[in-house]
Amino acid sequence: MNRRLLSLTAGAALLASTAAQAAGNAIAGAVQRQPVNISAIAMFMAFVVLTLGVTWWASKRTRSASDFYTAGGGITGFQNGLAIAGDYMSAAAFLGLSGMVFAKGYDGLIYTVSFLMGWPVMLFLIAERLRNLGKYTFADVASFRLARVPIRSLAATGSLVTVCLYLIAQMVGAGKLIQLLFGLDYAYAVVLVGVLMTLYVLFGGMLATTWVQIIKACMLLGGVTVLVALAMSKFGFNPELMLTKAVEAHAMHEKILKPGGLITDPISAISLSLALICGPAGLPHILMRFFTVADAKAARKSVFYATGFIGYFFMLTVMLGFCAIVLVGTNPDYLDKAGKILGGGNMAAVHLAKAVGGDLFLGFISAVAFATILAVVAGLTLAGASAVSHDLYANVFRHGRATEKQEILVSRIAVLGLSAIAITLGMLFENQNIAFMVSLAFAMAASVNFPILALSMFWNGLTTRGALIGGFAGLFSSLTFVILGPTVWVAVLKNPTPIFPYEHSALFSILLAFGGTWLFSVTDGSERGKAERGRFLYQYVRSETGIGAEGAVAH
Amino acid sequence: MSSDVNERIIANPKFAELTTKRNRFSIILVVSVLVIYYAYLFVAVLMPDTISRAISPGMTMTIGLPAGFAVMIVSFILTGVYVRRANSEFDALNRDLIEEAGR
């Protein structure tokens, strides 16, 4: 993923300094007003009260391990579709994509389209098989016929690394955003996010996490619909008129409708698109959602609804960006002396809310943006905790002999541990350029979790040795390529030239993971390997028919 | 679930029918989605002049804008096509298969 796209946080570093200037420069109040935003805080408090109520309700229904990890499998396809969409419609997507269209025009649309493409692929190949084979985590699928200890360790490592990278990005983003939108301190924001997500997950488990995500998804979809309607009403709902004005208003004029700049070489284009197509099917907090529905049928429906909601949201986000070019980009209230947008490129959608709906609507959109981060970190924390308790504790250390009670206890301790880590890292990384972390998380998901999952589902020749070597090859190569590439080596470590030339490296790490897995599986002549190949057929029966699946209706 | 059930399912010609039909359908849809998307991506990246042409002379609206939206809409429609067939035809076949194996 592109660093610009995910630079919610990087842009936010800019925002923070602007906000500080504004606070210390009250005379220039007409130019920049970022005092404590009462209406935003009030609306956010309403969201918090509602979601804590939901958590209290969910806590009374969360008893067994299955309740905690998967809401007892009782979520419907439609609800799960909304929750999945909620996980995917992060603040980075909302503010970042609209900001990119605002700044670059058409290039933003190319990214937006690419972001959706993982979902149909997920449906056609992964969703129902995942539901049929797994129980609580995707490692259940990978260890179905492979050796439990090494495969669970690998899958848990892949999950935890992905989750932690994502968490850091979200925590820092939340801190910066709150500072800017609500006029509150960075540290308060990080602690507030950490405490709230802990409450949701610790007491309400998956049921609360899902409903928090559903509530937020509805708020976001509703808020963005109103925002686009208000903005388009300024153009008489005529897209042609809106575009004509946008071309007039933007400094690049008609070039905003022409692709360029962002993706120039085919290698980067393929690499980026592969990370986005394979990424969703490797993100643990997304994969986990497929175990919350009753059966394969509901799993399919989930992806159908999720694709619809995400697609709808993305189209509106693109329109927001274009509308903002006219309504925000030409309004001196939202520009600094150099003509740059106040608070950085990610603020286009937020300023637009104020421009078309006044302070109250600005408050609402700000509250939604923060709620978005909160709901996403709750899902991430639960996914990380499941990897610790279900994969590492119950299956690796206790070899499947832990009681359900012990497993739940460990997962709750893991929730506390993860939120402590998230808060600490959020504080540590306050002033770091951490924009690369989400792209690294996607690259990891696509090069570690996805290859193991896909090959264990589809390839009878896979053995533990192959999966282990290929999986770790994907993990270390994606890490190495990103560190030696332009995003970290040049942008963060300030070296003049990158050692690895491409900003997007997923193509190479995915190939290494698949190639390594293949090579070390076919050359695996061990007895264990033979037995593992032999077990594929029964796994295939279950994955295709759902017979014997956890909590399935058919027995 | 006993291995007998597994063996009965594997021996049932409906299992081969189900997996062949469903897998063929999945692959056709995956390939269609990827061909549509990569065609769009490569035209956009390699032929920026083509994609930024106005949809009709004198208009600001370019071909690329509805094209990008269309890729998203078509992807969504294809997910609907798959879910519809899988949740009716394939699931019915699957139910028969499981029932027969359970006998």
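Some points to look at:
- Start at zero, step by 5 Å, and the Cα-Cα distances of segment A:161-214 spread as 4, 19, 21, 23, 21, 9, 1 percent across the bins.
- Cα→Cβ-extended label distance, 7 Å offset, between A:THR497 and A:LYS60, nm: 6.7 nm
- Long-range amide H partners of A:GLY183 with built H, under 5 Å: A:ASN37
- List A:ASP87, A:ASP265, B:ASP49, ordered by accessible area with a 1.4 Å probe, largest first: B:ASP49, A:ASP265, A:ASP87
- Listed residue (A:ASN460, A:LEU428, A:VAL377) projecting farthest to the positive dipole end of chain A, Cβ model: A:ASN460
- Size of charge dipole - chain A - debye, nearest 20, with Cβ of Lys, Arg +1 and Asp, Glu -1, no other charges: 800 debye
- Taking amide H as placed 1.01 Å from N in the peptide plane, the amide H of B:THR62 sits under 5 Å from that of B:ILE55, each at least 5 places away or on another chain.
- Ratio Rg/Rh [Cα only; Rh per Kirkwood] for the protein assembly as shown: 0.97
- With a simple spin-label model that places each label point 7 Å from the Cα along the Cα-to-Cβ direction, the separation between B:ARG24 and B:ARG84 comes to 2.0 nm.
- Site pair A:ASN238 and B:VAL43 shows an inter-label distance of 2.7 nm when each label is modelled 7 Å from Cα along Cα→Cβ.
- Charged-residue dipole, Cβ positions (Lys, Arg, Asp, Glu), segment A:359-444 about Cα centre, Debye nearest 20: 360 debye
- The phi-based Karplus calculation (6.51 cos²θ - 1.76 cosθ + 1.60; θ = phi - 60°) puts the 3J(HN,Hα) values of segment A:56-65 at 4, 4, 5, 5, 6, 10, 9, 10, 8, 4 Hz, whole numbers, x for Gly and Pro.
- The orientation-averaged projected area of the convex hull spanned by the Cα atoms of chain B comes to 8.7 nm².
- FRET efficiency, 1/(1 + (r/R0)^6) with R0 45 Å, evaluated for B:SER56 and A:ILE413 via beta carbons: 0.10
- Karplus-based coupling profile of segment A:520-530, in residue order and whole Hz: 7, 7, 5, 8, 7, x, 5, 4, 4, x, 4, with θ = phi - 60° in 6.51 cos²θ - 1.76 cosθ + 1.60 and x standing for Gly or Pro.
- For segment A:495-555 and segment B:1-58, distance of Cα centres in Å: 20 Å
- Among the listed pairs A:LYS258/A:LYS301; A:LYS216/A:LYS337; A:LYS176/A:LYS340; A:LYS176/A:LYS234, those with a Cα-Cα distance over 26 Å are A:LYS258/A:LYS301; A:LYS216/A:LYS337; A:LYS176/A:LYS234.
- Its DSSP H runs of at least 4 residues, each contributing -39,500 (n - 2.57), put the calculated 222 nm mean residue ellipticity of chain B at -26000 deg cm²/dmol, to the nearest 500.
- Inter-part distance where segment A:118-136 and segment A:386-402 are each reduced to a Cα centre, Å: 23 Å
- Efficiency of FRET between A:VAL490 and A:GLN432 - r from beta-carbon atoms, R0 22 angstrom, step 0.05: 0.90
- Listed residue (A:LEU227, A:HIS250, A:MET171) projecting farthest to the positive dipole end of segment A:121-268, Cβ model: A:MET171
- Magnitude of the charge dipole for chain B, about its Cα centre and with charges confined to Cβ atoms of Lys, Arg (+1) and Asp, Glu (-1), is about 200 debye.
- Taking the average, over residues, of other Cβ atoms within 10 Å as the packing measure, peptides B:88-95, A:463-470, A:399-406 rank A:463-470, B:88-95, A:399-406 from highest down.
- Spatially proximal lysines relative to A:LYS60 (Cα-Cα < 20 Å; intrachain offsets below 8 disregarded): A:LYS405
- The reciprocal of the average 1/r between distinct C-alpha atoms defines the Kirkwood hydrodynamic radius, which for segment A:156-260 equals 17.7 Å.
- Additional length obtainable on full extension of the chain from A:THR330 to A:ARG398, 0.36 nm per residue less Cα span: 18.2 nm
- Residues whose amide H falls under 5 Å from that of A:LEU335, counting only those 5 or more places apart or on a different chain, are A:LEU342, with hydrogens built in the peptide plane.
- Across segment A:180-193, computed HN-Hα scalar couplings (Karplus, 6.51 cos²θ - 1.76 cosθ + 1.60, θ = phi - 60°) run 7, 7, 9, x, 9, 6, 4, 4, 4, 4, 5, 5, 4, 4 Hz from first to last residue, x flagging Gly and Pro.
- Label point at A:LEU537 placed 7 Å out along Cα→Cβ; residues across segment B:1-36 whose backbone nitrogen lies under 13 Å: B:3-12
The values are calculated or read from the model by the stated rules, or taken from the named source; none is laboratory data. Since we're looking at a predicted model, the values are computed, not measured. Using ideal geometry, Cβ is built from the backbone for each residue, glycine included, and neighbour counts are taken over all protein chains shown. For accessibility, only protein heavy atoms count, side chains too; no ligands or nucleic acids. Shrake-Rupley method; radii C 1.70, N 1.55, O 1.52, S 1.80 Å.
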